[in-house]
Amino acid sequence: MSIALLFIIPIVLSVASPFGFRLLGKNWSKLVSFFILIMAGLVILLLDLASIGSPQTLSFDWIPRLGLSVTLRADSFGLFMALIITVIGAGVFSYTSEYMGDDPRTGTITGWLLLFMASMLGVVLADNIVLLFVSWELTSISSYILIGTNNHDPKARAGAKTALLVTSIGGLSLLGAIVLLGVATGVWNLSEMPAIHNHPWAASIFILVCLAAFSKSAQWPFCFWLPGAMAAPTPISAYLHSATMVKAGVFLLARMHPILSEHAAWTPVLVFFSAASMIVVIISIPKATDLKSLLAHSTVGALALMVCLIGIGTPYALNAMTVFLLAHACYKAPLFLVAGSIDHAVHNRDINALGGLAKKMPYTMLSACIAGISMAGIPPMLGFAAKEMILEAGLSYAPWLITLITILATAFVMVACCVVLIPAFGKNSCLVEKAHESPWSMLAPMLLIGIIGLACGLRLEMIENHLVSPAVISLGVKPAGLGLWHGFTLYLALSSLAVLAGWLAYTQRQALYKIIPVLPSGAVIHEVIWNTVLSFGRSLTQIIQNGSLTSYLGTTIIVTCALIFYAWVQVDAPVRPSLVQKITLAELSAGLLIMASSLATAFARKRLPAIAGLGAMGMGMTLFFIVSQAPDLALTQFLVEILSVVLLVVAFRHLPDFVGEPIKIQSGRLIISALTGLTMMVLTLVALSTEYGDRVSLWYGLNALRQGHGANVVNVILVDFRALDTLGEITVLSIAALGVGVLMGGLKQIKTKKEPT
Amino acid sequence: MSNLLTLPLLVPLISATFGILARQHANVQRWISLAGISVYLAIGFILISHVLDQSYLTAQVGGWQAPYGITLVADLLSAIMILFTGLIVFSVLLYSLMTSKPCGFSPAFHPLVHFLLMGASGAFLTGDIFNLYVCFEIMLMSSFALMTLEGKAEQTEGAVKYVVLNLLSSAIFLAGLGLLYAKVGSLNMADISVISQQAVADEKVGPIRLAGLLFFVSFSVKAGMFPFFFWLPASYHTPSPPVSALFSGILTKVGVYALIRLHTLVMPGEVLGYKLLLTMGVATMLIGVFGAASQMHIRRILSFHIISQIGYIVVGIAIKTPLALASAIFFIGHNIISKGNLFLVAGLASDIVGSEKLHKTGGMWKAWPQLGIIYLISAFSLAGFPPLSGFVAKFSIVWATVESQLWWVMAAAIFTGLFTLYSMMKIWVEVFWKDHPDPDRDLTLGKNSRRLMPVSLLAGIIIFLGLGGGPLFDICLRAGEQLVNPAGYIQAVLGEIT
């Protein structure tokens, strides 16, 4: 039951949010924050259950035939993520209350944030892969709306668009992946899924999973959307785009590890792409001057490290990944919140403009220091322990990788320095005057989350026993011991080197700025690809839907004729010339009359001759009916022709005299006409012989008088045997009358007594 | 019970007739119209519950036994189509009762809608292929009149293209009918099915295939498939929005319905090239979505989307397993509701912002967040996002392609999803998020706020079809199984004769 509460609480709160905000103002978010803390408590209770090997599950059917059921399973790794989501969530909601203040949008934003939280919990606790996908897509949607919070700003709209499009590439790939997985294994629950690396579809599934994970977790070549998403208000960036949502990709890879990691491509592909992302990050960081953008780039780097560790795939690497995931959440979220506070206070986030805020905002800067030390990987923070483990795991793979990781760690140190030292202790700027300390509901989250990182570092054993070890066990690997102090090892040396180099890079950043090459921006490349595809689509549409009825008709006719001829060649549909040998003189003359009059109609330059031609054609048809001994049809046709000629003449009398252009014979139209005639001729010849009898028409002949009580078979068919058709045709005529009435304007006015509403 | 089957034709006919009689009294006419559609909707529910019990309902019109008379048949597919058609027409009529646009005033509007409904019901229920032709004529004539209702030049131009291309399609249909009747001497679809199976055994099926191909072309025109869809983008954006919504919900869907019948009943087996259908489905999907992505006009975007979505449905029909057919049917139902709602929302939004051209719109998210949420629900549903109806539809289609190992089709379906999302977002950004180019424009709904009711109703159905889609999908699956095994249908129609 408690697992259901994890979803019921945020969803109910989410729906209530617009009203709650109207009622309670900014206290609403604080109330929400309190509820989320209760949820965090629930998660801890569930963790206890899971660690003794009986994870709570919940399952009910949704669309069983499609493998879709709501199956939740609170295993340790999922709960580990859920704990991060709820604890940081509680902080973010408390922070939001003051950050947004009395902004009227707060109610909606809180609602979307809660919806996001529920879907993120769905991602991490889903056992059913379709449910995982459903939650995954819901995080994309809520992220889209949240990034676009400042929808009046074109930058926010563009950032939201890019984020949604890129994550949707991943979402759609994931859709493919889960269907393939489900159909291949016949199992839809992750906990029961066998390893499938030998299955012929394994490679496709792996590629699709990678696309999903890389796009969600902003890995190269999709890494550009994350900096663009920084247009969102800072609490949203802190929550979605550093602590939780972007980790969904990493989470997915970790979940797929037991299923796919034996595949030969697993390690090389993941390590390659994460290394590429690291290189992009290393090059981007010295160029960035915006606090949030700096943090966003370093988030991409951190995610790359996690992907890399999952790629290496050894138990030790997975342990390192788990620890780092925790450490990253504990330092990155507070740093974002600090950036938000600075922005809130002085309305500026540019490191070249900030400085000297330590006096005015002491507690904010204290939290920045705590988190920054962890990010730089300095003992006794959790970040230090994580870094040591990462270096060790990296070395087990390849020396080049560990070099890269060390450089990345250097870049992290530099970011930490930029984000913490410049705003706090840089030279006083004019902005300092405006600065003011943030209220406690903003300070508490950043301080507390940072302190959690510190506490974790100090009480590593507790973390190991209660969080990390159970989590990695549920990923199917052995736990490895954690330790803050490994002795004087190579890793310590590398780690210290990174800190020193980072400090150096920080002090010399103006020089670095000049050396580092400019990367072609991923966002620009993305834009170019989209625009190419779109302009291709546009020209295609302009060719096809060109507005000319002639070309529409031509295409339809040509395709139809081509299909018929193609089929006629393929199938056995004999044309029997023997049946058409007996052409009488009457038939021949009728045929000639029809042909001559249709040519006359086509080449007529005035209306009256054209109508006359049409009439003559009809008379030719009447002749045919007479020859075929169908007097009633002939009579009907005769009357219809006369009537239509008379009506047309009357109607055209009111129109100005029309003189057409001299007719030019256009070869295209000639071909179309000839093709149509030829096709109809072939079809008629094919139709000549009956094969499966005339059972029905014989029956009509026999029963018209006997059962229908009419001597005229056609009449009985029309009014009795197939009366429904006649009813339909009468309806068509009535509709036509109504339509003509509308067109002539006769039905336009209606006398309504009172003003219509 | 067989009289039940005549009601979906009779009720709209009666409502239309009385509507014409009451043309001088706008309010009376509206009540007649609303009463008529309510009764129709109720019949839709009764019909589906009976079909669920008895699998097939038949009625031999005039008491003439099949194949001599005309038979009305309802299997699950027919019942589902009737129900969804009833739902969208009900919402559209509700919406148009609350509109202040001229089409709500035209005394011909309500009767014409009911005539259209009658034609559609006839098409869904008839077991006779010539009667199907007649029903197409009813629909063509009434939709043509609806399209020109306001008499704008733009509407007439679109309507002419619409009617000319559809008349061509009718002519092709008629040619096929002539060829078929000459060959098999019957018009009853169940009877034709029996004979064409016999012809396959006798190796004399060639001419029947040619007739089938003519039907296929004709129905493809009606369904708006590539390369026959020209009439649709040329005309759908011109009438008043409720009429567009109605068309998107009914016209192309009847074409698709006819394709299903043709492919599963009239010409079963490999009579229609399976690859042809599949290729055309994929081409329709892609070209439709490219068209949508390149437009800058709300209803033009939506019109091209209809085409693209038809592609998905056709892919389901082509694969022709019970699951694929079930997903095609679910897709039709979902699309009738989601697309219809998008047209209605678009109409409402463009009334308020004063234009349908995207560069002249904006500001709706701030002014009317409720409408924004309703738009988002419909648009994300169309793009196949969970947990909405479109997700179930797309997911099952993708599943069907995976089961049949049609990788290129699956890739196309997924690729199309991305562009669908793109164009849905384009409308969202330009109409809702962006500020209105004219900052002084009054964006209040005024009396329009009542029109939120029908669109909320449809949005509710979209969510319901997503979250509670299980039972409906099971029904669709049963419908798919009925279609794959036409023996039951034939037995029900022909009775002891076979």
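The values are calculated or read from the model by the stated rules, or taken from the named source; none is laboratory data. Quick caveat: nothing in here was measured; it's all calculated off a predicted structure. Positions of Cβ are generated from backbone atoms using ideal geometry, with glycine treated the same way; all protein chains shown enter the neighbour counts. Protein only, heavy atoms only, side chains kept; ligands, DNA and RNA dropped before computing areas. Shrake-Rupley method; radii C 1.70, N 1.55, O 1.52, S 1.80 Å.
Some observations on this one:
- Applying the criterion of at least 1 residues that are open to solvent by 90 Å² or more (accessible area, probe 1.4 Å) and modelled with pLDDT of 85 or more to the helices (runs of 4 or more DSSP H) found wholly in the range A:661-755 leaves A:667-687, A:695-706, A:723-743.
- Scanning the range A:460-480 for residues that are surrounded by 13 or more Cβ atoms within 10 Å (Cβ to Cβ) and either on the phi > 0 side of the Ramachandran plot or in a loop (DSSP other than H, G, I, E, B) (or both) yields a total of 5.
- Any pair with Cβ under 6 angstrom, 6 or more apart, that starts in the range A:677-696 at a residue that is more than 7 Å from chain B (Cβ to nearest Cβ) and ends at one that is open to solvent by less than 20 Å² (accessible area, probe 1.4 Å): A:679/A:561; A:679/A:564
- Across the range A:491-524, the number of residues qualifying as outside any helix (DSSP H, G or I), open to solvent by 50 Å² or more (accessible area, probe 1.4 Å) and touching a residue at least 40 places away in the same chain (Cβ under 8 Å) comes to 4.
- Residue-level check: of (1) over 16 Å from the mean Cα position of the chain (by Cα); (2) under 30 Å from residue B:31 (Cβ atoms); (3) within 8 Å of chain A (Cβ to nearest Cβ), residue B:164 misses just (2).
- Here the helices (runs of 4 or more DSSP H) wholly within the range B:212-294 that include at least 3 residues being away from chain A (no Cβ under 14 Å) are B:241-261, B:274-293.
- Residue in the range A:597-612 that is of a type outside the set (Gly, Ala, Ser), within 30 Å of residue A:714 (Cβ to Cβ) and away from chain B (no Cβ under 11 Å) present: yes
- Condition check for residue A:304: within 27 Å of the chain's Cα centre (by Cα), under 15 Å from residue A:453 (Cβ atoms) and either in contact (Cβ under 8 Å) with a residue 60 or more places away in the chain or open to solvent by less than 10 Å² (accessible area, probe 1.4 Å) (or both): no
- Single match in A:131, A:113 (criterion: hydrophobic (A, V, I, L, M, F, W, C) and under 30 Å from residue B:363 (Cβ atoms)): A:113
- In the range A:49-57 there is at least one residue matching the filter, namely being away from every other protein chain (no Cβ under 14 Å), open to solvent by 40 Å² or more (accessible area, probe 1.4 Å) and within 30 Å of residue B:466 (Cβ to Cβ).
- Matching option when the condition is among the charged types (D, E, K, R) and modelled with pLDDT of 90 or more, among A:102, A:127, A:61: A:127
- Residue list for the range B:460-488, filter: among the aliphatic types (A, V, I, L, M) and under 22 Å from residue A:70 (Cβ atoms): B:461, B:462, B:463, B:465, B:467, B:472, B:475, B:477
- Residue match in the range B:126-145 (condition: part of a helix (DSSP H, G or I), more than 30 Å from residue B:51 (Cβ to Cβ) and not basic (Lys, Arg)): yes
- The one condition in (1) within 18 Å of residue B:415 (Cα to Cα); (2) in contact (Cβ under 8 Å) with a residue 40 or more places away in the chain; (3) open to solvent by less than 10 Å² (accessible area, probe 1.4 Å) that residue A:251 fails to fulfil: (1)
Condition check ((1) open to solvent by 10 Å² or more (accessible area, probe 1.4 Å); (2) at pLDDT 85 or above; (3) assigned to a helix (DSSP H, G or I)) across all residues:
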residue	(1), (2), (3)
A:369	yes, yes, yes
A:390	no, yes, yes
A:400	yes, no, yes
A:404	yes, no, yes
A:413	no, no, yes
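- Test: residue in the range A:429-437 that is within 22 Å of residue A:288 (Cβ to Cβ) and either open to solvent by 10 Å² or more (accessible area, probe 1.4 Å) or touching a helix residue (DSSP H, G or I) at 6+ places or on another chain (Cβ under 8 Å) (or both): yes
- Positions within the range A:587-631 being charged (D, E, K, R) and either in a helix (DSSP H, G or I) or at pLDDT 90 or above (or both), in sequence order: A:587, A:607
- Restricting attention to the range A:555-574 and to residues that are surrounded by fewer than 16 Cβ atoms within 10 Å (Cβ to Cβ) and in contact (Cβ under 8 Å) with a residue 60 or more places away in the chain, the residue that is farthest from the other protein chains (Cβ to nearest Cβ) turns out to be A:565.
- Looking across the range A:60-81, the residues that are more than 9 Å from chain B (Cβ to nearest Cβ) and either on the phi > 0 side of the Ramachandran plot or of a type outside the set (Gly, Ala, Ser) (or both) come down to A:60, A:70, A:71, A:72, A:73, A:75, A:77, A:79, A:80, A:81.
- Just one of the listed residues (A:540, A:519) is within 14 Å of chain B (Cβ to nearest Cβ), hydrophobic (A, V, I, L, M, F, W, C) and out of contact with any Pro (no Cβ under 8 Å at 6 or more places or on another chain), and it is A:540.
- Scanning the range A:156-179 turns up no residue that is in a loop (DSSP other than H, G, I, E, B), away from chain B (no Cβ under 11 Å) and surrounded by 20 or more Cβ atoms within 10 Å (Cβ to Cβ).
- Among residues of the range B:178-195 that are within 21 Å of residue B:484 (Cβ to Cβ) and facing chain A (nearest Cβ under 7 Å), those with a beta-carbon under 9 Å from a residue that is part of a helix (DSSP H, G or I) and of a type outside the set (Phe, Trp, Tyr) at least six positions away or on a different chain give the pairs B:195/B:183; B:195/B:184; B:195/B:208.
- Residue check, residue A:123 more than 17 Å from residue B:377 (Cα to Cα), within 10 Å of chain B (Cβ to nearest Cβ) and either open to solvent by 10 Å² or more (accessible area, probe 1.4 Å) or in contact with a Leu (Cβ under 8 Å, 6 or more places away or on another chain) (or both): no
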